[in-house]
Amino acid sequence: MFALRNTKKGFEIYFRGTCIIANQEKKPLLRLGKANGEFTGHHGSYTIREQGLLWYDLGDPVVEHIEETQITLRYAGYGKLVLTAEKGTVNIVFTADTQYEINRFSIRFRCNAEEPIYGCGEQYSFVDLKNRKIPIWVQEQGLGRGPNAVKLACDLAAHAGGTRYSTYFSMPAFVTKTRAVVAKTSSYALFDFKAKEEYCLTFWQIPQKIELWITDSLKESIARLSQRLKRQRRLPPWVGKGMSLGLQGGTNAVLEKLGKFEQYAPKAITSLWLQDWVGKRITSFGSQLLWNWEYNKEQYPDFPRFIETIHEKGIKVLGYINPYLAMDCPMYREASNLGFCVQDKEGKDYAIQVTSFDAAIIDLTNPEARSWIKTVIKKNMIAIGLSGWMADFGEFLPTDSVLFDKSDAETTHNLFPVLWSEVNREAIEEAGVSEQCFFFSRSGYLDSGKTMDMCWAGDQMVSYDKDDGLESVVPASLSLGLCALPYWHSDMGGYTTLGWVKRSRDLAIRWAELAVFSPFMRSHEGNKLERNAQYYDDPALVKTIGDLVCLHDVLHPYLQAMEEEYQNTGLPFIREMGIHYPELKPMRSQFLYGRDILVAPVLKKGRKTVKVYLPDDSFTGFQDNKDYAKGWHTCKAELGKPVFFYHRESEVERVLELFREEKGK
């Protein structure tokens, strides 16, 4: 399967007839070096610099061993690079044998000059990563993220603006139409896709291994990647039905808001998401929570009984938790006395600043601390009747932390959200409620899919912004789906209200239109409730949302069919057009929902039409019941009426026709 071919200036290595790597005079296959990394954290965002970089002169490698399934390249004085082939997988492992310190590892791969590159986790600004450098580092996505006034203001105030590449969910893995690549590592890395016929992967440690597959299609690449990363578990069926209405304010306020909604959309609500079940505090950022993981008796005097009351309506209740503890709350004092918090260099509990308060981090490398927080989840959340929760954060671990298991915090940082997902999954399994309960998280890394039930897109602004608003969640869903994580959703309406940015009624509806085509519809009141349009504000808005929820429910059998397909093939629910139409260039303004639905969401403020490209296939517009030919079309886009198309003579046509008939009565 392997073949080595000598060239005038070096050699090339082929696998199954495709050139995968090459060593040339001015472009060496491998570089090894050392440097010092400097990580400066600000509220979960990081500025990362490199100092004293030295690349060693390796010289040309010697081919020490070659056969069909293995090639060994020896770098005298430094170590060996071994390529092995097993069941279609190319494993690349470097073993150091040197007196020199090595903490920089850079390797070049050949690639198809024209094909797009997808993945690297959840990317909010780009679908195609070709011609870009992607940092692999879990962190806050930032506020604004692009070249805009919000980013500038947040950087000046708190270094919190982020960049177009900052993400909660980073992953050293990507796919193309001919390849899939995974790097087993947890260090900071930089994936350079700028060159036309190669990509260069640089790591701040020697990776355990790099895995590569040569494929015939993007579908096959996704299948290979999803097999390697393991597919997410199938969620309880109720999760994909109805809407989860996000409310806050305590028992009386929640019942009042729920009553408003139920009056005009009585069957729309499947669950209430009450993030403030633990109580709230008012900070410089707005309304935030008391990070003390038990129900707050001031806001919810008898929360278990309240949950029972909501259950009697046929509605489930969801909560909130994260792996931090506010240092002014009782639960922190308990954890601190038990020695369960991450330490700083002086042996004190590491205090991270969160807007206007400090918090400690539960040390998830400590088995006893893991057991303790799992008991909190089982006793304080599951036992009182919660059917799920947001398992927030995970990206804050400082690189100068001191951890219980003595691991290097710099290389544990990316793994911390994986540990957090493990804790939540284990708590659910140990409580025996896997068939009824689930959780959703925003931060993740390479192996998160093994234990993470669902991802949500994090804290977007309540705007249409391209890099940090409604428009940014489409690339996020596409890129994460291409990385084998299809269970994804976003906060309907966005979250962050900042300065002049506040949620309009139109934005609330447009976001709900988009959420119809996701496995979970959940709203958020935002960090400044009083400044935002809310989904329960007026009868007309509630009725519109109720109709959209009804459409979402009509598509539930279709979602279940996609879930089965995902388990068999790894294909996500929300799909980049190139999965089924490889001749098309990557798009961020439209997508496929499964094989038979094409969605063209309204992503710009004030737009009353949407432009969509339809491939050469049998598509029918849902809103006008008109058959469309191949090419660009401009379609009317009324508020509350999402623009989408479906295949004639498909299963989805039948359920949509029934829905149309019912609405026409």
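Ordered by the number of other Cβ atoms lying within 10 Å of each residue's own Cβ, fewest first, Ile282, Ile102, Ile373 fall into the sequence Ile282, Ile102, Ile373.
Both the radius of gyration and Dmax for region 284-335 are 13.5, 38 Å, in that order, over alpha-carbon atoms. Calculated [222 nm] ellipticity per residue, helices only, for the chain: -7000 deg cm²/dmol; basis is -39500 (n - 2.57) per DSSP H run with n ≥ 4, divided by all residues, nearest 500. Work out the charge dipole of the chain with +1 on the Cβ of Lys and Arg and -1 on the Cβ of Asp and Glu about the Cα centre, then indicate which of Phe105, Ile597, Gly526 is farthest towards its positive end. Farthest towards the positive end: Ile597. For the pair region 246-311 and region 81-108, the centres of their Cα atoms are 52 angstrom apart. Peptides 130-137, 612-619 ranked from most to least packed by the mean count of surrounding Cβ atoms within 10 Å: 130-137, 612-619. For region 416-540, the gyration tensor built on C-alpha atoms gives a prolate shape. Its axis ratio a/c (a ≥ b ≥ c) is at least 1.5, and a/b is the larger of a/b and b/c.
The alpha carbons of region 123-202 stretch over 43, 26, 17 Å along the principal axes, in descending order. The separation of region 1-60 from region 440-513, counted between C-alpha centres, amounts to 34 Å. Of all DSSP beta bridges confined to region 216-369, the antiparallel ones make up roughly 65%.
Per-peptide packing, taken as the mean over residues of other Cβ atoms within 10 Å, places 427-435, 471-479, 53-61, 599-607 in the sequence 471-479, 599-607, 427-435, 53-61 from highest down. Shape summary of region 573-665, radius of gyration then Dmax from alpha carbon positions: 13.1, 42 Å. Restriction of the GluC sites (Glu not before Pro) in region 274-357 to DSSP coil positions whose beta-carbon has at most 16 other beta-carbons within 10 angstrom yields Glu298, Glu312, Glu346. Rg and Dmax of region 23-139, both derived from C-alpha coordinates alone, stand at 17.4, 51 Å. Coordinate range of the alpha-carbon atoms in region 2-229 per principal axis, descending: 58, 44, 30 Å.
Kirkwood hydrodynamic radius of the chain from all distinct Cα pairs, in Å? Hydrodynamic radius (Kirkwood, Cα only) of the chain equals 26.0 Å. Qualifying chymotrypsin sites (Phe, Trp or Tyr not before Pro) in region 467-550, where qualification requires a DSSP coil assignment and no more than 10 other C-beta atoms within 10 Å, comprise Trp500.
Read-outs throughout are calculated quantities, based only on the coordinates presented, and are distinct from any laboratory measurement. Predicted model, so just to flag it, every value in this text is computed and none were measured. Cβ: placed from backbone, ideal geometry, glycine included. Neighbour counts: every protein chain shown.
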